[in-house]
Amino acid sequence: MERAELAGWLRLSLTSGIGDAGARRLLAAFGLPERIFAQQDAALREVVSHAQADALQQTPANLQAQIDLTWQWLHAATDDGSGNPAGATAASRRIVTLGDPGYPASLLETADPPLMLYLLGNADFDLTQLGHSIAVVGSRNPTPQGATNARSFARALGDAGLPVVSGLALGVDGAAHQGALDAAGDLPRLATVAVVGTGLDRVYPARHRDLAHRITQQGLIVSELPLGTPPLTQNFPKRNRLIAGLARGTLVVEAALQSGSLITARLTSEQGKEVFAIPGSIHSPQSRGCHALIRQGAKLVESVSDILEELPPLQARAAGGNGHAGTATEDPLLDALGFDPVSLDALSARTGWSAAALQAKMLELELDGHVARLPGGLFQRSAST
């Protein structure tokens, strides 16, 4: 992209009161941004409101600074200390505009496709490769079982050849990205896409800086927001619509009744795509959102094969891959434990074991990764068992 072309797109995106919808009308009427800004006021008023036409005649106050920042970002060779994942090269920084051949067709089919997409990641990957991707979303504060499920399902999706789309948030999102990267190993393929609610010159949350760097090597980080945009609350619902728009379906791992994950699920359903939900304990607040989705028609899933069977072209591949997120065991104590959180007293009543014997056995199972210790003296079986 030439600097003059970049300047036109940034001016259009930054002009107050235009928004993506107004920008799309102008592009449809006049073509590229440089032609929009060459129009007379009367011509503009035939397409947008008088106030919007007046705004187009003015240069945004921060335009030149944004052009300089974005141009420098596009051509930066290494981390400049502003928050870019270390090691990102110039070739890994791109901007895809509406109408560009690299713009994802799935977003064009949504009600509000963004004007510009900023991409950071492996230069060999593009968003048109996401035809069979699955979004994996959920709570920022999952149970240990929820985090394990997110990573296990994402890894199994990766084993079946499906990229995983998520939001780089703490909790389920981070676990999903990690699972997808686990599945990819060293293979040169698009493993995962992180759609973020900030400018790409920063990583949010900061503790995911290392994870973001891994994603830039075997995936992409995507934002529609200008560089320098901080993590503002109002931007995350917009981010969720991109997650839903890019993926072929959405898997909700854990979610409260009022959560961004349910927004993503609703947007997925409105786009005519599949929504999947993992059931959980009736006692867990993090499971209530998934149970509500299932009551509303989302598909209850217990293994990745439940997802793949809704994507017919992938059924054959699933047969040779890892179709399940976990396998059964024959340990009688694990059978007695079940899958809900349970106290030692309740487990003692189920098994007849003494508290001392249970303490010793549960420690052994915990060290082996079969059981997770929860707050309040509770224990829960892990997904891998």
* To do: Would you check if Gln178 is modelled with pLDDT of 95 or more, among the polar types (S, T, N, Q), farther than 19 Å from Gly260 by Cα and surrounded by fewer than 24 Cβ atoms within 10 Å (Cβ to Cβ)?
  => yes
* Failed condition for Ser259, given (1) touching a residue at least 24 places away in the same chain (Cβ under 8 Å); (2) out of contact with any helix residue (DSSP H, G or I) (no Cβ under 9 Å at 6 or more places or on another chain); (3) closer than 24 Å to Leu170 by Cα, with all others met? -> (2)
* To do: Note down all Cβ pairs under 8 Å where the first residue falls in the stretch 343-372 and is outside the structural domain of Gln145 (by TED's automatic domain parsing) and acidic (Asp, Glu), the second is modelled with pLDDT under 80 and assigned to a helix (DSSP H, G or I), and they're at least six residues apart or on different chains.
  => Asp345/Ala355
* Structure fact -> Thr264 vs (1) surrounded by fewer than 24 Cβ atoms within 10 Å (Cβ to Cβ); (2) within 18 Å of the chain's Cα centre (by Cα): all pass except (1)
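Within the stretch 1-57, how many residues turn out to be in contact with a Lys or Arg (Cβ under 8 Å, 6 or more places away or on another chain), assigned to a helix (DSSP H, G or I) and hydrophobic (A, V, I, L, M, F, W, C)?
Taking the stretch 1-57 first, the residues in contact with a Lys or Arg (Cβ under 8 Å, 6 or more places away or on another chain) are 33, 37, 47-48, 53.
Narrowing the set further to residues that are assigned to a helix (DSSP H, G or I) leaves 33, 53.
Remaining after also requiring hydrophobic (A, V, I, L, M, F, W, C): 53.
The qualifying residues number 1.
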* Structure fact -> Checked against (1) at pLDDT below 95; (2) under 15 Å from Gly8 (Cβ atoms), Arg35 satisfies every condition except (1)
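What are the residues in the stretch 229-261 that are over 13 Å from the mean Cα position of the chain (by Cα) and crowded, with 21+ Cβ neighbours inside 10 Å, if any? Please lay out each step first, then the result.
The initial filter retains those residues of the stretch 229-261 that are over 13 Å from the mean Cα position of the chain (by Cα), namely 229-235, 254-259.
The answer is Glu254, Ala255.
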* Structure fact -> Residues of the stretch 161-175 being buried (at least 24 other Cβ atoms within 10 Å of the Cβ) and part of a loop (DSSP other than H, G, I, E, B), in sequence order, are Leu162, Pro163, Gly167, Leu168, Ala169
* For the stretch 215-222, does any single residue satisfy the condition of being farther than 21 Å from Thr128 by Cβ, crowded, with 17+ Cβ neighbours inside 10 Å, assigned by TED's automatic domain parsing to the domain that holds Leu170 and out of contact with any Phe, Trp or Tyr (no Cβ under 7 Å at 6 or more places or on another chain)? -> no
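Which of the residues spanning the stretch 96-137 are at positive phi and surrounded by fewer than 17 Cβ atoms within 10 Å (Cβ to Cβ)?
If the condition is that a residue be at positive phi and surrounded by fewer than 17 Cβ atoms within 10 Å (Cβ to Cβ), then Gly99 is the only one that fits.
Sort through Arg3, Arg24, Arg45 and tell me the only one that's in contact (Cβ under 8 Å) with a residue 60 or more places away in the chain and over 25 Å from Lys238 (Cβ atoms).
Details: Arg24 fails: over 25 Å from Lys238 (Cβ atoms); Arg45 fails: in contact (Cβ under 8 Å) with a residue 60 or more places away in the chain.
The match here is Arg3.
Please tell me if Leu187 is surrounded by fewer than 21 Cβ atoms within 10 Å (Cβ to Cβ) and within 21 Å of Val252 (Cβ to Cβ).
Details: surrounded by fewer than 21 Cβ atoms within 10 Å (Cβ to Cβ): yes; within 21 Å of Val252 (Cβ to Cβ): no.
In short, no.
The values are calculated or read from the model by the stated rules, or taken from the named source; none is laboratory data. Source: prediction; values computed, not measured. Counting neighbours? That spans all protein chains shown, and the Cβs are built from the backbone with ideal geometry, glycine included.
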